[in-house]
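The values are calculated or read from the model by the stated rules, or taken from the named source; none is laboratory data. If you're wondering where the values come from, they're calculated on a predicted model, not measured in any experiment. With ideal geometry, Cβ positions are generated from the backbone for all residues, glycine too; neighbour counts draw on all protein chains shown. Areas reflect the complete protein model, heavy atoms only, side chains present, ligands, DNA and RNA absent. Shrake-Rupley method; radii C 1.70, N 1.55, O 1.52, S 1.80 Å.
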Amino acid sequence: MYEHFSIGKRIRELRLQRRLTQEQLAEISDLSVNFISKLEREQKNNIGIIKIIDLCNALDISISELVGDDLGKILSGLPESTVQLINLLREINPQELEKLSNNLIPVIQEVADLSSKHSNN
């Protein structure tokens with residue numbers, strides 16, 4: 001679905017539109033110049049959601065603006081309570097969100113595994 005999407009190219013495009021240097025973006029986003037440089041040159045293929053959020057905040061854009069309309073379509077297909085949960089998560093500072101995510105992922109995975117086992121029986 002996203003085989004032709006490059007987050008690095010998109011970050012570079014948005015950075016240049018805002019007439020920011022890599023150094024300026026690094027300072028605003030609290031990320032390293034080296035990280036941004038590697039990301040833009042597609043030498044960095046794995047980027048965490050916290051860094052994506054930091055970049056979006058620095059560029060003053062939403063995640064959907066970064067990745068395009070597909071994310072908006074995905075969110076519009078979710079139950080209202082799930083969208084509400086996502087919106088609440090967006091209000092938590094990145095460090096606390098990381099802690100919360102690390103605690104929730106195993107619980108959600110366990111529920112998904114149980115659900116999968118029940119549907120296979």
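The figures follow:
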| quantity | calculated |
| --- | --- |
| Conditions (1) at pLDDT 90 or above; (2) surrounded by 11 or more Cβ atoms within 10 Å (Cβ to Cβ); (3) in a loop (DSSP other than H, G, I, E, B): number failed by Arg19 | (2) |
| Pair list, Cβ < 7 Å and 6+ apart or interchain, from region 24-36 residues that are β-branched (Val, Ile, Thr) to residues that are part of a helix (DSSP H, G or I) | Ile28/Ala58; Val33/Gln22; Val33/Glu23; Val33/Ala26; Ile36/Gln22; Ile36/Leu25; Ile36/Ala26 |
| Among residues of region 65-81, those that are at pLDDT 80 or above and either open to solvent by less than 50 Å² (accessible area, probe 1.4 Å) or among the small types (Gly, Ala, Ser) (or both), counted | 2 |
| Residue list for region 5-19, filter: among the hydrophobic types (A, V, I, L, M, F, W, C) and free of Cβ contacts under 8 Å to residues at least 12 places away in the same chain | Leu16 |
| Selection within region 22-54 - modelled with pLDDT of 90 or more, open to solvent by 40 Å² or more (accessible area, probe 1.4 Å) and either under 11 Å from Gly8 (Cα atoms) or over 13 Å from the mean Cα position of the chain (by Cα) (or both) | Gln22, Glu23, Gln24, Glu27, Ile28, Asp30, Ser32, Val33, Asn34, Lys38, Arg41 |
| Test: residue in region 55-64 that is open to solvent by 80 Å² or more (accessible area, probe 1.4 Å), modelled with pLDDT of 85 or more and among the charged types (D, E, K, R) | yes |
